[in-house]
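Everything on this sheet refers to the single structure shown next.
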Amino acid sequence: MSLPVIPAPTTTTTSDDTCTLSGDSAVVVQSPELAGPAALFVREVRLDSGLTLHPPVIRDRTVDGTVPPDETRAAAVTVLISADGLDGVPSAAGVRADGDAVDERYGLEVTSDGVRVWGPTPEAVHRGLTSLRQLISAHLQDGTAVLPAARIVDGPRFAWRGLSLDVVRTFHPPAEVKRVIDMLALYKLNVLHLHLTDDQGWRVEVPSRPALTQVGAAGAIGDRPGGYYSQEELADLVAYAADRYVTVVPEIDMPGHTSAVFAAYPELAPAELRTIDLGNGNSIPLNALEPGRPETWAFVEDVLDAVVPQFPQSAYVHIGGDEAWGMADEDHAAFVDQAAALVRARGKRVVGWQEIARATLGPDDVAQYWISIDVDAADAGNGPKPPEDLLPILVEHLRKAEGDAPKALAAGARLIASPTTWLYFDRPHGDASADPAQEEARKRLGLEFYGPATLRDGLAWDPVEDTPGVTSTDQLAGVEAAIWCETITGPDDLELMLLPRLPGAAEKAWSQQTATDWPEYAARLAEQSPAWRNRTWTWLQSVEVSWR
């Protein structure tokens, strides 16, 4: 029997017994360091399903330190630190965004006597409790959850499992970002990569450069409102994510995608600003920060000095490096080399889009592979066509991109697999929706240039087999989806494009299974909808899935 857990566990065995959880069920913690994960589990179960479990107990005390009213209450869920029976699960490949080496392997056992969740670290126990959350939501009826007896032994395939969130083209306020963090945590994703700067806006405070938020943050794409995260708001988001074992990685995109910088500080701009008209009221800038000017590096240092301390959990700073349209190759490489050196001088590691491989990388660096577009099809004009003036620039960029992943690997750097073909969630939905209103939204959401993608498409690949030059998991840092917001106008649009795709990305990032059977996965996916409904998350109600 397949359990309704996403990502698919490494090993699962089931039997005919059951275990019933209700409001009288107690969560008993065998170690004080698990008090936080246990308390979070109880809160999240209530939000997922409406089931209010008894407050967690640490041996003979509740998590808040008071004596339980009924010390004889039987443990329905027991959580403990242990590595028992986990030796058969491989250790995760790659690197974590927090730079630590944390064992996330866990065990989960449901018997007629109760539930036991264990792992060698608090984070591992949290992952096991996350699987239990999904089981409870899928089996809840009339206020009780009747769980099938089962034993799960599980662990992640990759250490870096994330989502890149564009908060520039559409500014997403902190409350919405927290909803996205909740989605990541429910599917064992552990990285939120915040794309904080781009042509359309600047979203992070730099006190020594106030015009970045006074001017650069004023707008977004088109006539959408702008905004930025104050230092207090970012601290709250980073802490909220850390409580859920999600690391927030900041991206400062440079040397290109810097129109907002030039609006705030025109003296940093090239002498001649160039653009390509897209014919729809928008344009693409062909401008970048210039590496030969001292004021460029004074600016970059000011930004790094302000941004790095705001993300203390992240071992990495993302320096962008992509699509430096119109910039000479040698200038781009010189800029990336210097920006990377400044990041390392501040005790952080470097991650950037795959184009940074055209500079000098080392074994501690990470390049994010994303360009899986067919360059020959683009050159031949097959499929949706970009503006005529952009086509030769795009084709040249795609030709160069074919060498990026091999160059990064040859330098000893690792790759993050973020291929446009399977993990760019700004592609139009290829599945029809059972909701007529969503069918109308589907017509306007997603970039036509990429072509539509179905939920089944999102599972028809493997990070190792389908990343150029990669032959083993050791060459990958991990897997990261991306959501860009050119067509996304607000939270409902954002969630509609994230769900139900995000669980599929998690399946590829976590599960040890390299191939996914669509009917079996679709059955597990269908069982996720009660929790989504309870949390008021918006999701595409694909006609290819028999939602509960």
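Seen through its C-alpha gyration tensor, with square-root eigenvalues sorted a ≥ b ≥ c, region 11-154 comes out oblate because a/c lies at 1.5 or above while a/b is not bigger than b/c.
For the chain, adding -39500 (n - 2.57) for each run of n ≥ 4 DSSP H residues and dividing by the number of residues yields -9000 deg cm²/dmol at 222 nm. Dipole check for region 11-154: with +1 at the C-beta of Lys and Arg, -1 at the C-beta of Asp and Glu, and the Cα centre as origin, the magnitude is about 160 Debye.
Hey, what did the chain get for relative contact order, percent, Cα under 8 Å, at least 6 apart? Here the relative contact order equals 16 percent. For the chain, the residue among Thr467, Gly162, Leu34 whose Cα projects farthest onto the positive side of the dipole built from Cβ charges is Leu34. Amide H contacts under 5 Å for Tyr316: Arg349, restricted to partners 5 or more places along the chain or on a different chain, H placed in the peptide plane at 1.01 Å from N.
A cut-off of 5 Å between modelled amide H atoms, ignoring neighbours fewer than 5 places along the same chain, links Ser283 with Leu278.
Could you tell me whether the chain comes out rounded, prolate or oblate from its Cα gyration tensor? Rule is a ≥ b ≥ c as square roots of the eigenvalues, rounded for a/c under 1.5, then prolate if a/b exceeds b/c, otherwise oblate. It is prolate, given that a/c is not under 1.5 and a/b is the larger ratio.
Magnitude of the charge dipole for the chain, about its Cα centre and with charges confined to Cβ atoms of Lys, Arg (+1) and Asp, Glu (-1), is about 1020 debye. Here the 3J(HN,Hα) profile of region 143-157, calculated from phi with Karplus coefficients 6.51, -1.76 and 1.60 at θ = phi - 60°, is x, 10, 10, 9, 8, x, 5, 7, 10, 10, 10, 8, x, x, 6 Hz, Gly and Pro shown as x.
The distance separating the Cα centre of region 303-322 from that of region 234-277 comes to 10 Å. Net length available on complete extension from Glu402 to Ala434 is 7.6 nm, with 0.36 nm assigned per residue and the Cα-Cα distance removed. Projecting the Cα atoms of Val336, Ala315, Ala437 onto the dipole axis of region 160-534, where Lys and Arg carry +1 and Asp and Glu carry -1 at the beta carbon, places Ala315 farthest toward the positive end.
Placing a label point 7 Å from the Cα of Trp297 along the Cα-to-Cβ direction, the residues of region 238-273 whose backbone N falls under 19 Å of that point are 254-256, 268-270. Extension gain, Ser112-Glu33: 0.36 nm per intervening residue step, less the Cα-Cα distance, totals 25.7 nm. Note that region 245-251 has calculated 3J(HN,Hα) couplings of 6, 10, 9, 8, 10, x, 10 Hz, one per residue in order, obtained from phi through the Karplus relation 6.51 cos²θ - 1.76 cosθ + 1.60 (θ = phi - 60°); glycine and proline are x. Placing dummy labels 7 Å off each Cα toward the beta-carbon, the span from Leu447 to Leu278 is 0.9 nm. Rounded to the nearest 20, the size of the Cβ-charge dipole of region 83-150 about its Cα centre is 160 debye, with Lys and Arg at +1 and Asp and Glu at -1. Restriction of the GluC sites (Glu not before Pro) in region 419-463 to DSSP coil positions whose beta-carbon has at most 10 other beta-carbons within 10 angstrom yields no sites.
Averaging the Cα positions of each part gives two centres, and for region 445-493 and region 75-139 these lie 27 Å apart.
Close amide H pairs (under 5 Å, H built 1.01 Å from N) link Ala149 with Ser15, Asp17, Thr18, Cys19, residues at least 5 positions away or on another chain.
Straightening the chain between Gln512 and Asp243 buys 94.3 nm, computed as 0.36 nm per residue apart minus the Cα-Cα spacing.
Counting beta carbons within 10 Å around each of Trp297, Trp325 and listing the fewest first gives the order Trp297, Trp325.
Computed from the coordinates by the stated procedures, all read-outs in this text should not be read as laboratory data. Being a predicted model, the structure only gives us computed values, none of them experimental. Quick reminder, even Gly has a Cβ in these numbers, built from the backbone with ideal geometry, and neighbours come from all protein chains shown.
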